[in-house]
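Structure first, then comments.
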Amino acid sequence: MTMTEHEKLLAGKDYDYRDLDLQAMLAKGRRLVQVINNTTNLATRQAAITDLFHQVGQRVTLNGHFEAIYGNHISLGDDVFINGNCFFQDSNRITLGDRVIIAPDTKFYCGEHSLDATKRFGTRPDGSRYLITFTEPITVGNDVWIGGNVTVIGGVHIGNNVMIAAGAVVTHDIPDNCVAGGVPAKVLKSLPALK
């Protein structure tokens, strides 16, 4: 059975971003993000938030300017607070658990390209060139506080009861019950497990 370009994207395989279904998803995402960022009508904004995301828990707050590529690859748990100027490059699934706080200027990047420069572009059967992108999901557990100006890379799982220090670049999984920080982020101290 042949995979759709969207299925390839989610499976982390080389996919054609010019696919009409993907382009329609991108257009919908851009339209809804624009509504979220520009409307002052709370009911209209809430309807756009519900329509943009794959899943929206209870008491979700988007505080200030927000950006996403597709939007429909993002799932938010209950009591999620996303502060201003955050960017979700959701070319794969981004899942935030319950009680997640995200400080301003935080970025989530699911897409990546080959380290080998000769493998960053491909050629289609019609001779046209395209950028080769691979994607991996990002998951964030429950009771997580991500500090300001943090970058989280695709393929990362952040555990439960974690604080990520401001300015960190998270390139590897972070276990439960800890404070992590630095470039690349590493565990700085343990936290008591939540009861």
Relative to the longest principal axis of the chain, what angle (0 to 90°, nearest 10) does the C-alpha long axis of helix 42-52 take?
60 degrees
Would you pull out the residues with amide H under 5 Å of Ile174's amide H, same chain only if 5 or more places away, H placed 1.01 Å from N?
His157, Ile158, Gly159
When the Karplus curve 6.51 cos²θ - 1.76 cosθ + 1.60 is applied with θ = phi - 60°, which whole-Hz ³J(HN,Hα) does each residue of the range 162-176 get, with x for Gly and Pro?
10, 10, 9, 5, 3, x, 5, 10, 8, 10, 9, 4, 10, x, 4
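Where only protein heavy atoms count, and the probe is 1.4 Å, what is the accessible area per residue for the chain in Å²? Intermediate results must be reported in sequence, preceding the final value.
On the way: 10090 Å² over 195 residues.
It amounts to 52 Å² per residue over the chain.
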Of Asn161, Asn41, Asn177, which is the most mobile in a GNM of the chain whose springs link Cα atoms less than 10 angstrom apart?
Asn41
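Given a 1.4 Å probe and every protein chain left where it sits, what share in percent of the accessible area of the chain is carbon and sulfur? Before the final figure, lay out the partial values.
Working: 5560 of 10090 Å².
Of the solvent-accessible surface of the chain, carbon and sulfur hold 55 percent.
Helix-derived [θ] at 222 nm for the chain: sum -39500 (n - 2.57) over DSSP H runs of at least 4, divide by residue count, nearest 500?
Helix contribution divided over all residues of the chain: -5500 deg cm²/dmol.
Pop out the Kirkwood hydrodynamic radius of the chain from its pairwise C-alpha distances, inverse of mean 1/r, in Å to one decimal. Write down the numbers at each step before the final one.
Numbers: mean 1/r = 0.0571 Å⁻¹.
After inverting the mean inverse Cα-Cα distance, the result is 17.5 Å.
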Quick numbers on the range 1-101, Rg and Dmax over C-alpha atoms in Å, give 14.1, 46
Using Cα springs under 10 Å in a Gaussian network model of the chain, which residue among Thr139, Thr151, Thr39 shows the largest mean-square fluctuation?
Thr39
Once the in-chain neighbours fewer than 8 apart are removed, the aspartates and glutamates whose Cα is under 17 Å from Lys186 read Asp173, Asp176
What are the lysines whose alpha-carbon lies under 26 Å from the alpha-carbon of Lys28, with same-chain residues fewer than 8 places away excluded?
Lys8, Lys13, Lys107
Tell me the accessible surface of Asp116 in square angstrom (1.4 angstrom probe, heavy atoms of protein chains only), to the nearest ten.
60 Å²
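So in the chain, what percent of DSSP beta bridges are antiparallel if you round to the nearest 5?
Numbers: 9 of 43 bridges.
Counting DSSP beta bridges with both partners in the chain, the antiparallel share is about 20 percent.
The values are calculated or read from the model by the stated rules, or taken from the named source; none is laboratory data. Here the structure is a predicted model, which is why all the values come from computation and not from measurement. Heads up: the accessible areas ignore ligands, DNA and RNA and are worked out on the full protein's heavy atoms, side chains in. Shrake-Rupley method; radii C 1.70, N 1.55, O 1.52, S 1.80 Å.
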